[in-house]
Amino acid sequence: MTDVTPDRRAIAAWCLFDWANSAFPAVITTFVFATYVAQAVAPDPVSGAAAWAGATTIAGFAIALLSPVLGAIADSSGRQKRWLALSAAAMAASTASLWFVRPEPSSLAWALVAFTAATVAFEISIVFYNALLPGLAPSSHLGRVSGWGWGLGYAGGIACLGLMLAAFVLPTSPWLGLDKAEAEHVRIAGPLTAAWLVAFAAPLFLFVRDPPAAAPGARRGWRELIDTMRLLRREHRQLAWFLVANMVWSNGLTTLFGFGAIYAAGTFGMATEEVLYFGIALNVTAGLGAFGFAWIDDRIGSEKTIAIGLVMITLLGGALLVVESKSAFWVLALAIGPFLGPVQAAGRTLCARLAPADRRAQVFGLFALSGRITAFLGPMTLGAVTALTQSQRWGMATILPFFVVGLWLLLTKLRIRT
């Protein structure tokens with residue numbers, strides 16, 4: 001990969017986009033709006049959770065199909081910022097429309113449609129956003145830039161969530177005179193998240209440059225994608241094995257993020273408010289880890305950074321499965337946090353370093369695909385084991401093999417030099 005001269009304004013603007021779009025998973029997907037739909041919009045929490053899961057599954061299939069193809073087209077046109085702007089605008093519009101989801105079953109269909117569209121647009125925007133990373137700094141500095149962005153993303157999600165809670169959810173009289181009886185203090189999450197994205201994403205489009213086009217025309221983009229898929233094994237073996245390894249450990253991470261709070265509530269009796277504070281605290285430690293490991297990534301390499309993170313997550317995760325006290329759970333869970341961000345940030349860095357310069361967007365599309373194509377395996381395995389053993393501990397234990405196998409692939413197939 002050809003080195004480039006770093007532009008501090010462009011780097012800052014690129015990192016700020018992570019701050020901007022991380023409000024969506026924090027406020028909409030995880031803590032606020034998903035719970036609102038399941039508990040206040042759907043006829044009952046069980047059907048609401050099932051409907052939300054169905055929407056997430058549909059979005060996952062759409063993302064898996066679209067992200068590599070759109071990445072290839074963006075590479076061929078050299079207009080990744082335009083594609084990023086279009087996907088971010090679609091995400092903002094869909095998210096803002098969640099305001100119209102009233103606390104009644106008749107609004108459930110609209111909630112699912114808008115959430116699905118916003119989720120697809122969010123994930124596709126990440127493909128084009130990540131593809132801009134290699135053009136920001138020399139290869140020797142990509143780790144810290146990726147880590148800064150990931151850490152700032154955690155901070156942005158927490159900040160928007162904190163604003164949502166302090167201004168609208170917790171006060172008896174919410175800002176803007178919103179009516180709690182009509183759930184306006186929760187429905188405002190959509191417009192707030194959309195405004196957050198638009199406000200903080202703007203600098204990227206001013207200061208970050210598009211990479212050069214690989215070749216003109218969308219049809220060339222399709223051909224490039226097909227060629228890349230065919231030649232991965234022969235011409236890009238390290239990249240191919242990395243995508244496989246990422247597919248495995250991403251399953252573990254996705255399941256951990258999706259069921260960690262459920263495990264905390266069910267096994268240790270945490271109330272909703274305590275789970276919320278736990279989630280915020282875990283995101284803080286993960287963000288600090290992403291910042292702290294940013295320099296380590298550049299010094300020892302992305303492969304070793306990921307390996308360290310996977311080893312520590314496995315060891316601490318195993319300890320979490322045997323502790324009995326809530327205080328021990330808090331300590332160990334927060335200790336895992338600093339290693340979650342680095343695994344994700346270093347994975348993005350490694351993808352940037354392995355991707356051919358003329359195929360970055362489509363490679364990041366394949367990167368997104370590798371994290372999505374088997375995302376059902378972790379939750380499915382956890383659910384089956386939990387039902388069979390009637391134990392959340394045994395169910396959560398199924399996450400650990402994903403980290404172990406992913407680590408084994410990383411160490412043996414990418415051949416890390418020690």
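Positive-end ranking of Val323, Leu16, Pro134 along the dipole of the chain, with charges on Cβ about the Cα centre, is headed by Pro134. In percent, rounded to a whole number, the relative contact order of the chain is 27, using alpha-carbon pairs under 8 Å and six or more apart.
With springs connecting C-alpha atoms under 10 Å apart, model the chain as a Gaussian network and identify which of Leu332, Leu161, Leu136 has the largest mean-square fluctuation. Residue with maximal mean-square fluctuation among Leu332, Leu161, Leu136: Leu332. Which FRET efficiency, nearest 0.05, do Ala319 and Leu165 yield, Cβ-Cβ r, R0 25 Å? Efficiency computed from Cβ-Cβ geometry: 0.25. Protection proxy ranking of 127-134, 33-40, 405-412, by the mean of other Cβ atoms within 10 Å over each peptide's residues and highest first, is 127-134, 33-40, 405-412. Cross-link partners of Lys413 among lysines, defined as those whose alpha carbon lies under 25 angstrom from its own and excluding same-chain residues fewer than eight positions apart: Lys304. Taking other C-beta atoms within 10 angstrom as a stand-in for reagent exposure, Asp179, Asp18, Asp7 fall in the order Asp179, Asp7, Asp18, fewest first. When only the Cβ of Lys, Arg, Asp and Glu is charged (+1, +1, -1, -1), the dipole of the chain relative to its Cα centre reaches about 1380 debye.
In a Gaussian network model over the chain where Cα atoms closer than 10 Å are linked, find which of Ile124, Ile300, Ile158 has the largest mean-square fluctuation. Among Ile124, Ile300, Ile158, the largest mean-square fluctuation in the Gaussian network model of the chain belongs to Ile300.
Considering only Ala335, Ala189, Ala166, the mean-square fluctuation computed in a Gaussian network model of the chain, springs between alpha carbons under 10 angstrom, is largest for Ala166.
Each reported figure results from applying straightforward, stated rules to the coordinates on display, with no laboratory input. Nothing here was measured: the structure is a model prediction, and the numbers come from that model. Please note: Cβ atoms are built from the backbone with ideal geometry, for glycine as well, and neighbour counts cover all protein chains shown.
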